[in-house]
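Derivation of every value follows stated rules applied to the coordinates shown; laboratory data play no part. Because the structure is predicted, anything quoted here is derived from the model rather than measured. Backbone-built Cβ (ideal geometry, glycine too); neighbour counts: all protein chains shown.
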Amino acid sequence: MVPLTVYLPGGILLFWISREISHRWSLRRKAKAFGCESITNYPHLDPIGGLDLSVQIWREFHRGELSEGMRRRHEKFGPTFSTNSLGQDCIYTIDPENIRAVTTDNFDCYGKSAWVEEAAKHVGNGILMSDGENWKRSRAVLKPLFARTALDEPTLVEPHLQDLVQVIRGNNGQPFDFQVLAARFTLDIVTDFLFGKSTQSLLGGKAAEDARHFLGLVKDFEPPSGTFIAVGALAWLELLPSYRRLLHVVDGMKAFFRSQLDMIISDPGLHSQSAAPSCFRMMESDGVGVGQIQAELQNIFFASFDTTTALLANIIGILSQRQDIQQQLRAEISYLNGNPPTKQDLGGLSFLRFVLLEALRLYSPVVSHSRQATRDTTLPRGGGSDGLGQIFVAAGATIVWSTYALNRSQRYYGQTWAEFKPERWKTLQPTSNRFFMPFGSGPRSCMGQQMAQTEISYMIVRILQEFPVIASQDLRPFKEAKAVSFYNTYDTDANTGVYAEQAEDPN
Ligand code: HEM
């Protein structure tokens with residue numbers, strides 16, 4: 001008699017193989033019915049669970065090569081190919097036509113991916129983490145609110161910029177970790193915008209201590225969240241032993257938000273101190289309940305804080321290594337004679353705009369996106385031998401697109417795709433081309449795009465005005481950190497980093 005230890009695994013294996021064959025057969029039939037052509041399949045070693053690729057992605061994440069791994073796979077298997085991700089269909093694409101189909105043309109056929117549901121349990125069901133009717137409601141509440149606040153942006157930034165300058169000055173030309181300062185600077189601005197009261201984490205005192213503790217929690221939260229986004233359910237294998245600690249980190253972050261809210265609720269006069277009406281006050285006067293306000297504010301925080309911090313840090317990192325670009329920027333802003341730029345001034349600084357666009361191309365904070373099909377549908381490209389035919393997408397399939405790989409396509413950026421070359425934007429029109437979308441596209445595109453661009457452009461101009469030299473002693477190439485956004489691992493090295501020289505005192 002066959003022993004159970006042989007019989008049982010054999011039975012399970014047979015079940016999975018027959019299930020996989022029948023699934024493939026059904027996909028082929030439906031694809032035919034939809035008039036679709038066949039797609040390139042990733043050559044899995046484990047065609048049933050796709051474990052080989054998941055483990056590879058996991059390793060790439062830990063080696064700081066997650067995005068580069070995606071780029072290399074696209075180079076090898078083409079702009080669109082399908083994989084098996086832990087038994088689920090997954091389509092990787094960097095074809096802009098497919099990305100537009102998912103985000104815009106067939107918007108109703110997709111929802112956010114499964115990991116977002118898990119994140120929403122902790123971060124709250126707000127704009128970033130919701131779908132369907134909930135998302136529509138959030139977007140409708142926040143849209144007019146963003147329109148009202150964005151106008152005052154430079155005045156919102158300047159006080160925090162002064163704090164930043166003061167901290168850098170206090171360093172007396174010694175190296176400092178700009179990633180840490182960028183995080184404090186961004187937190188101070190975003191809390192001003194959300195609550196009408198800044199944490200002033202760049203300065204000292206009790207409030208700054210609490211804020212820095214909160215930033216520590218956010219930093220602890222980065223690697224596990226990044227693992228989750230990279231490998232999905234497989235991440236539990238790594239995260240389970242530290243799950244209690246993770247929950248503690250999440251609770252700490254929520255408590256920080258609650259304490260900020262309690263503070264402004266208990267002091268209705270606080271709104272008069274900020275340069276613009278805060279998100280909280282506007283939602284409060286629109287009649288939104290406190291619970292929902294907290295969820296929305298947490299969601300806006302997670303959408304804005306990490307992205308802006310990463311881009312700020314990355315741009316200062318580039319400028320500190322590229323004195324040639326710094327010189328061109330200094331020449332362009334010299335007409336301001338050291339006066340802070342207005343919003344109108346910022347709009348006229350074309351080289352600054354090119355630098356920002358190039359930074360968004362090569363150092364885009366959001367390196368990849370995903371959506372899950374909620375019903376059977378199609379994508380316009382990736383089928384047949386030339387890849388130009390329509391392909392079938394089964395309900396439940398995940399579509400992943402890497403902005404990192406798309407922004408490094410030789411097809412769109414020529415032989416110099418790997419170079420940081422702001423001048424390329426003289427001829428490339430970001431608004432009319434269909435392949436550049438650092439703020440996403442379609443109905444769920446970034447709500448803070450204008451704010452982020454103003455804040456970052458303003459900070460660059462003001463830092464250059466305040467410090468005649470920004471340089472780095474660390475010339476190692478960028479290495480992707482284990483995080484959600486595209487951070488450089490090396491920026492956190494306290495012995496290296498960026499330093500700024502102060503202007504000579506004319507007296
Ligand atoms: C350099 C900075 C930023 C970048 C690169 C960026 C990028 C993005 C991208 C790509 C999306 C779309 C995500 C998706 O399709 O799933 C998004 C969504 C969003 N962003 Fe930003 N963002 C930045 C800064 C900000 C700021 C400063 C705010 C607000 C103050 C903000 C608020 C939002 C919100 C609320 C959403 C969700 C929109 C929705 O789901 O309807 N972002 N952002």
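For the reader, a short list of remarks on this structure follows.
- Exposed-loop-free span, longest in the chain, where GluC sites (Glu not before Pro) count as exposed if DSSP calls them loop and at most 13 other C-beta atoms lie within 10 Å: 1-418
- Scalar couplings 3J(HN,Hα) for segment 155-169, obtained by applying the Karplus form with A = 6.51, B = -1.76, C = 1.60 to θ = phi - 60°, are 6, 6, 7, 3, x, 6, 5, 4, 4, 4, 4, 4, 5, 5, 4 Hz; x denotes Gly and Pro.
- The residue list SER364, ALA331, ILE318 was ranked by how far each Cα lies along the charge dipole of segment 283-369 toward its positive end, using unit charges on Cβ atoms, and ALA331 comes out on top.
- Pairs over the 23 Å Cα-Cα cut-off, from the set LYS136/LYS219; LYS76/LYS112; LYS112/LYS143; LYS426/LYS479: LYS136/LYS219; LYS76/LYS112; LYS426/LYS479.
- For TYR487, the residues whose amide H sits under 5 Å from its own are ALA481, ignoring neighbours fewer than 5 places away on the same chain, with H placed 1.01 Å from N.
- In sequence order, calculated HN-Hα J values of segment 127-140 (Karplus, 6.51, -1.76, 1.60; Hz; x Gly/Pro): 3, 6, 9, 10, 9, x, 5, 4, 5, 4, 5, 4, 5, 5
- Ordering ARG424, ARG19 from the fewest to the most neighbouring beta carbons within 10 Å gives ARG19, ARG424.
- Filtered trypsin sites (Lys or Arg not before Pro), segment 427-476: DSSP coil and at most 13 other beta carbons within 10 Å: ARG434
- Amide hydrogen neighbours beyond the local backbone of ALA397, cut-off 5 Å, H modeled: ALA373
- A convex hull fitted around the alpha carbon atoms of the chain yields 170 Å³ per residue.
- Across segment 254-265, coupling constants 3J(HN,Hα) worked out from phi with the 6.51/-1.76/1.60 Karplus curve, θ = phi - 60°, read 5, 5, 4, 4, 4, 5, 5, 5, 4, 4, 6, 5 Hz, and Gly and Pro carry x.
- Computed magnitude of the charge dipole of the chain (debye, nearest 20; Cβ of K, R +1, Cβ of D, E -1): 1500 debye
- For GLY382, nonlocal amide neighbours, meaning residues 5 or more places apart or on other chains whose placed amide H falls under 5 Å from its own, are LEU388, GLY389.
- Net charge contributed by nearby residues that have their C-beta within less than 9 Å of GLY64 (K/R +1, D/E -1): -1
- Ascending count of other beta-carbon atoms within 10 Å, so fewest first, for VAL367, VAL290, VAL250: VAL290, VAL250, VAL367
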